[in-house]
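Participant: This is the structure, below, for whatever I ask next.
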Amino acid sequence: MNFASDNAGPMHPSVLNAIVDANTGYEMPYGNDSIMPRVRDKIRATFEAPEAAVYLVATGTAANALALSTYTNSWDTMFAHRVSHVEEDECGAPEFYANGARLTLVDGDGAKMDPSALRHAIVNTGDKGVHGVQRGPVSITQATEVGTLYSLEDIAALTAIAKEYGLKTHLDGARFANACAALGCTAAQMTWKAGIDVVSFGGTKNGCAGVEAVVFFDPEKAWEFELRRKRGAHLFSKHRFLSAQMDAYLTDDLWLKLGRQANANCARLVKGLETVKGAEIPDTPEANMVFAHLPRAAHRRAMDAGAKYYLFPADATLDGPDDDLIRCRMVCDWNKTEAEIDQLVDLLRG
């Protein structure tokens with residue numbers, strides 16, 4: 001009953017078998033393996049972007065930070081939602097890789113940047129001339145950190161504002177497959193067709209061991225990214241094992257199938273949580289993650305039986321009145337079973 005994160009789940013067998021198959025003989029290092037051209041072609045086909053520059057790294061933090069740094073001067077600021085992933089969960093990596101650039105935090109309901117708030121933040125940045133930080137790229141987390149989604153129209157509205165001011169846009173797609181599956185759209189529709197310049201296309205949370213693709217729809221920054229990836233210690237020598245994972249992940253749209261399955265598992269979980277007495281779910285879950293407020297007694301029953309998920313705040317305790325509501329986060333991956341979900345719900349219900 002591990003609902004702590006989709007990072008906690010196993011690799012999909014197809015991905016594991018691809019790694020094993022790649023572990024034969026010799027391959028050229030540093031992305032020059034025989035698998036990578038196939039990966040590049042598959043990603044370009046998936047995104048309907050034949051000229052896109054495609055690179056692989058092993059972590060989402062590296063993908064986001066390196067991608068953003070290619071569009072950010074050290075005297076710039078990057079715009080992101082107040083509870084975006086690049087703000088809350090990357091230990092300042094975007095600022096670090098951009099040599100000390102800043103993050104400007106933008107408000108909006110449901111962890112989604114409000115277009116008027118973004119415009120206000122942009123307008124009020126760079127107005128001090130040489131005395132203030134300058135405008136940098138806009139970063140959108142999709143799915144959001146609270147499990148909600150930007151619609152295609154939402155993304156297009158934000159990118160349009162960015163383009164008014166000559167700014168580039170980045171999509172943090174650690175849960176790209178979940179978002180794409182939930183919206184019923186293509187990868188192209190959720191990215192360059194909506195105005196996105198670069199995307200971090202996640203695999204680790206969705207059945208891979210550790211691989212993320214960085215896709216530049218305009219290859220102008222390709223060489224700079226290669227230099228930044230190497231200088232940042234994220235160019236893998238035995239790159240074939242990244243390529244093998246991504247190759248399997250893209251074959252027959254496995255990435256999308258796994259995203260759909262994770263979303264369906266979460267929908268089943270949410271339906272069960274709604275039957276727990278006293279439960280409150282403030283933001284309607286739209287992908288594979290749910291934040292809920294549940295009675296302390298329910299948490300105690302579940303965790304005493306071995307369930308794993310996160311409580312908020314981090315120092316929340318199970319000691320205290322039974323009826324007090326404590327916020328929690330639960331995440332489903334592709335591998336969750338109906339029996340496991342139902343077991344957790346039964347414990348929470350008591």
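The values are calculated or read from the model by the stated rules, or taken from the named source; none is laboratory data. No experiment lies behind these values; they were computed from the predicted model shown. Using ideal geometry, Cβ is built from the backbone for each residue, glycine included, and neighbour counts are taken over all protein chains shown.
Participant: Taking segment 257-298, which residues are outside any loop (DSSP other than H, G, I, E, B), more than 30 Å from SER151 (Cα to Cα) and touching a helix residue (DSSP H, G or I) at 6+ places or on another chain (Cβ under 8 Å)? Please lay out each step first, then the result.
Facilitator: Filtering segment 257-298 for residues outside any loop (DSSP other than H, G, I, E, B) gives 257-273, 280, 289-298.
Filter once more, keeping what is more than 30 Å from SER151 (Cα to Cα): 295-298.
ALA298, the sole residue that qualifies.
Participant: Any residue in segment 192-207 that is hydroxyl-bearing (Ser, Thr, Tyr) and under 16 Å from THR59 (Cα atoms)? Give the steps one after another, and end with the answer.
Facilitator: Kept after step one, since they are hydroxyl-bearing (Ser, Thr, Tyr), are these residues of segment 192-207: 200, 204.
The next check asks that each one be under 16 Å from THR59 (Cα atoms); those that pass are 200, 204.
Within segment 192-207, one or more residues are hydroxyl-bearing (Ser, Thr, Tyr) and under 16 Å from THR59 (Cα atoms).
Participant: Select, from ASP253, ASP319, ASP247, the only residue that is more than 26 Å from the chain's Cα centre (by Cα), among the charged types (D, E, K, R) and farther than 27 Å from ASP109 by Cβ. Steps first, answer last, please.
Facilitator: Values: ASP253 fails: more than 26 Å from the chain's Cα centre (by Cα); ASP247 fails: more than 26 Å from the chain's Cα centre (by Cα).
Answer to the selection: ASP319.
Participant: Can you spot a residue in segment 64-77 that is closer than 18 Å to PHE225 by Cα, in the same structural domain as ASP172 (by TED's automatic domain parsing), in a loop (DSSP other than H, G, I, E, B) and in contact with a His (Cβ under 8 Å, 6 or more places away or on another chain)?
Facilitator: The answer is yes; a qualifying residue exists.
Participant: Just to check your reading of the model, which residue among GLY126, GLY147 is modelled with pLDDT under 95, within 29 Å of CYS332 (Cβ to Cβ) and of a type outside the set (Lys, Arg)?
Facilitator: Working: GLY126 fails: within 29 Å of CYS332 (Cβ to Cβ).
None of the others qualify; the one that does is GLY147.
Participant: Which of the residues belonging to segment 306-331 are assigned to a loop (DSSP other than H, G, I, E, B) and either buried (at least 17 other Cβ atoms within 10 Å of the Cβ) or touching a Gly at 6+ places or on another chain (Cβ under 9 Å) (or both)?
Facilitator: Quick first cut of segment 306-331, residues assigned to a loop (DSSP other than H, G, I, E, B) only: 306-307, 309, 313-324.
The answer is ALA307, TYR309, ASP323.
Participant: Residue check, SER237 against (1) outside the structural domain of THR186 (by TED's automatic domain parsing); (2) in contact with a Pro (Cβ under 6 Å, 6 or more places away or on another chain), all met but one. Which one?
Facilitator: (1)
Participant: So, one more: Please work out if GLU48 is assigned to a loop (DSSP other than H, G, I, E, B) and under 18 Å from GLY173 (Cβ atoms). Steps first, please.
Facilitator: Numbers: assigned to a loop (DSSP other than H, G, I, E, B): yes; under 18 Å from GLY173 (Cβ atoms): yes.
In short, yes.
Participant: Counting only residues that are within 25 Å of the chain's Cα centre (by Cα) and assigned to a loop (DSSP other than H, G, I, E, B), how many does segment 332-350 have? Don't jump to the end; show me each part of the working.
Facilitator: Pass one, segment 332-350, residues within 25 Å of the chain's Cα centre (by Cα): 332-338, 340-341.
Add one more test, that the residue is assigned to a loop (DSSP other than H, G, I, E, B), and what stays is 332-337.
Going through segment 332-350 one residue at a time, the tally reaches 6.
Participant: Given the condition polar (S, T, N, Q), within 30 Å of SER34 (Cβ to Cβ), exposed (fewer than 15 other Cβ atoms within 10 Å of the Cβ) and in contact (Cβ under 8 Å) with a residue 24 or more places away in the chain, answer yes or no: does some residue in segment 282-302 qualify?
Facilitator: Going residue by residue through segment 282-302, those that are polar (S, T, N, Q) are 284, 288.
Imposing the further condition that a residue be within 30 Å of SER34 (Cβ to Cβ) reduces the set to none.
No, because not a single residue in segment 282-302 is polar (S, T, N, Q), within 30 Å of SER34 (Cβ to Cβ), exposed (fewer than 15 other Cβ atoms within 10 Å of the Cβ) and in contact (Cβ under 8 Å) with a residue 24 or more places away in the chain.
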